[in-house]
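The values are calculated or read from the model by the stated rules, or taken from the named source; none is laboratory data. Owing to the predicted nature of the structure, the values given are computational and were not obtained by experimental measurement. Here the Cβ is made from the backbone with ideal geometry for all residues, glycine too, and neighbour counts use every protein chain on show.
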Amino acid sequence: MNVEKTLVLLKPCTVQRALIGEIIQIFEKKGLRVAGLKMMQLDDAILAEHYAHLVDRPFFPGLKASMMATPVVALALEGVEAIEVVRQMAGPTNGRKALPGTIRGDYSMSGQQNIVHASDGPESAAAELRRFFRPEEIFDWENPLDRSLYSDDGC
Ligand code: UDP
Ligand code: MG
């Protein structure tokens, strides 16, 4: 049973549009468990690390500014194959290309102001959870309802 944790950031566009609760609810309704949750102001250093693959791109300064416009909400989400599930829920990067039914497809018209960040694989999920949460800020709690979410073998 491949239980994973993944990192989601609710971006400043989401905070400004008062969609924090609505987007968290989408993940909760799906059956993902909130294992960590906090609001934080990002700065140059953490964004240079987080978006290291994009630092040389022309849009990087604008991306950085958009990510520092307000605090973000960081979520650690847990579930079976949670990393891929959350990426699928987020949809493709550009909200105009993302299909309706995905978060970006339903809430975004932008390739930058696209509501959520979601880790894109096991290595990045582990590194990003460490980047945004101290170990004691992530909780493993018992949920009796797991029996109605998954079969005994996690299927
Ligand atoms: N981004 C942007 N312009 C682009 C491509 C990406 O501003 O042309 C921003 C966008 O906010 C995106 C983030 O950079 O979510 C990270 O890009 P990545 O390619 O990792 O996309 P993601 O994993 O978020 O879908
Ligand atoms: Mg990415």
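When ALA76, ALA65 are screened for being surrounded by 18 or more Cβ atoms within 10 Å (Cβ to Cβ), at pLDDT 95 or above and away from ligand 2 (no atom under 16 Å from the Cβ), only ALA76 passes.
A quick yes/no check of all residues on (1) within 12 Å of ligand 1 (Cβ to nearest atom); (2) aliphatic (A, V, I, L, M); (3) part of a helix (DSSP H, G or I); (4) within 16 Å of VAL3 (Cβ to Cβ):
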| residue | (1), (2), (3), (4) |
| --- | --- |
| GLY62 | yes, no, yes, no |
| SER66 | yes, no, yes, no |
| LEU77 | no, yes, no, yes |
| VAL85 | no, yes, yes, yes |
| ASP106 | no, no, yes, no |
| ALA126 | no, yes, yes, yes |
| ASP140 | no, no, no, yes |
| GLY154 | no, no, no, yes |
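Assessment of region 16-33 against the conditions (within 11 Å of ligand 1 (Cβ to nearest atom) and either modelled with pLDDT of 95 or more or under 13 Å from the mean Cα position of the chain (by Cα) (or both)) yields no matching residue. Within region 37-54, track down each residue that is touching a Leu at 6+ places or on another chain (Cβ under 7 Å) and outside any loop (DSSP other than H, G, I, E, B). LEU37, LEU54 - these are the residues of region 37-54 that are touching a Leu at 6+ places or on another chain (Cβ under 7 Å) and outside any loop (DSSP other than H, G, I, E, B). Pairs meeting the criteria (first residue in region 36-50 and exposed (fewer than 12 other Cβ atoms within 10 Å of the Cβ), second residue part of a helix (DSSP H, G or I) and at pLDDT 95 or above, beta carbons under 8 Å, at least 6 apart or on different chains) are ASP44/LYS64. Looking only at region 27-62, which residues are within 14 Å of ligand 2 (Cβ to nearest atom) and among the small types (Gly, Ala, Ser)? Within region 27-62, ALA52 is the sole residue that qualifies. Of the listed requirements (1) more than 12 Å from the chain's Cα centre (by Cα); (2) surrounded by fewer than 19 Cβ atoms within 10 Å (Cβ to Cβ), ALA98 misses just one: (2).
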